[in-house]
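Following: one structure in structure tokens, then a few remarks.
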Amino acid sequence: MTTVSVNLPATHYDVLIDRGLLDSVGSLVAKQWSPRKIALVSDDNVAPLYQERVAASLAAAGFDVHRYVFPAGEASKSLTVLAELVRQMAADTFNRDDSVIALGGGVTGDLAGLLAATYMRGLHFIQIPTSLLSQVDSSVGGKTAVDLDNIKNIIGAFYEPDLVIVDPNTLGTMTQRDLVEGYGEIVKTAALEGGEFWQLIETIDSPAELISNAPELSARSIHYKASVVMADETESGTRQLLNFGHTIGHAVEALANGALRHGEAVSIGTVAIMRVFEDAGLAEKGITSKLRDRFAAVGLPVTDPLLNSPQVLDKVKNDKKNRHGHLNLVYLTAIGHPEIKSIPSSEIASFLNLSVTN
């Protein structure tokens, strides 16, 4: 078993990574928590696959498990679904001595994490991510959120879990598209770190190789993200590096109205922003092609007609990370060498020059 430790000023938690950990959830959680009531939250895709199995393991370890299920999909990251979960927990008399476990992908982690952060001003919380995207990215770092209207992650909190349990065997039940989506964040992270991580990425040429390399991909991705989060938990400085590919990616994702997955949008956004910086002479020649080839190797999209929409610039200029009239754009001068360029919002259009569409 691989353990990645996340040490923050106010808390500490471990990320455990190994095949077959799902059957040991009860004993692992019992090392963290005394017997209590647990809200086990999943969507209606994951619940039939794993919820009963995990609930049985927790019950055998002495926990009183209440299973909650919500409709799968980004649309459930809403105040409406959050309120319904709160109502159900209140009806089941949950109190501040009880806890929440998120069992599922990124939407489940975001929603259940915010539920834990806000119910009675905060309950203890554990993440059990079941998708590649959540295993390598969203389950670590403490970001929880729901969407409002078409504004992604606008209502949320930084709320760290007590433990993250990663079982790569859950990837075997994913569709190819759902599996590959997570690779968008992996390539992004490997490009930021460089070195042996990027060398591993250069050997992966098919979705099947994602599953066979999943434990190492998760460990390396989480280790890098944990190091960044430990240096800057609330995204006031270097944690902004993790937004690489996300500024344009989030804009395209929002305009797609559900037609693009998050990891697909990150792939498109990463290639687009690096083309801008390479064309401006600020990045190593050929780096955009390197990144594009790694995404495309597993079938991720690397461009989209939505990049031609003038609404992309509107979304970019109004990005929620716009601070004091400036937007910080993350790019690479070379693989493993990230930089941040601050651009006044009034100059974003001329800087990007719509070259993202070329």
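Points worth noting:
- Here the mean projected area of the convex hull built on the C-alpha positions of the range 2-173 is 8.9 nm².
- For the chain, a Gaussian network of Cα nodes joined below 10 Å ranks G141, G325, G109 by mean-square fluctuation, and the top entry is G325.
- Structure remark: mean-square fluctuation, Gaussian network model of the chain, C-alpha springs under 10 Å; the largest value among L16, L49, L332 belongs to L49.
- Considering the range 176-357 at the alpha-carbon level, its Rg and Dmax are found to be 15.4, 46 Å.
- Greater than 26 Å apart at Cα, pairs in K37/K143; K152/K188; K152/K225; K152/K285; K77/K225: K152/K285
- Contact order relative to length of the chain, as percent, for alpha carbon pairs under 8 angstrom and 6 or more apart: 14 percent
- Base-10 log of normalised Debye intensity for the range 161-259 (one unit scatterer per alpha-carbon) at q = 0.13, 0.15 Å⁻¹: -0.54, -0.73
- Value of [θ]222 nm, deg cm²/dmol, for the chain, DSSP H segments ≥ 4, -39500 (n - 2.57) each, nearest 500: -11500 deg cm²/dmol
- Using a Gaussian network model of the chain in which every pair of alpha carbons under 10 angstrom is joined by a spring, one finds that among V146, V266, V29 the greatest mean-square fluctuation is at V29.
- Pair-distance distribution of the range 14-105: all C-alpha pairs, bin width 10 Å, starting at 0; shares per bin in whole percent are 15, 47, 33, 5.
- Using a cutoff of 8 angstrom between alpha carbon atoms and counting only pairs six or more residues apart, the relative contact order for the range 227-358 works out to 24 percent.
- Of all DSSP bridge pairs formed entirely within the range 80-172, close to 40 percent run antiparallel.
- Fraction of C-alpha pairs exceeding 34 angstrom in the chain: 23 percent, rounded to a whole number.
Where a number appears in this text, it was derived from the coordinates with a stated rule and is not lab data. Computed from a predicted model, the values in this text were never measured in an experiment.
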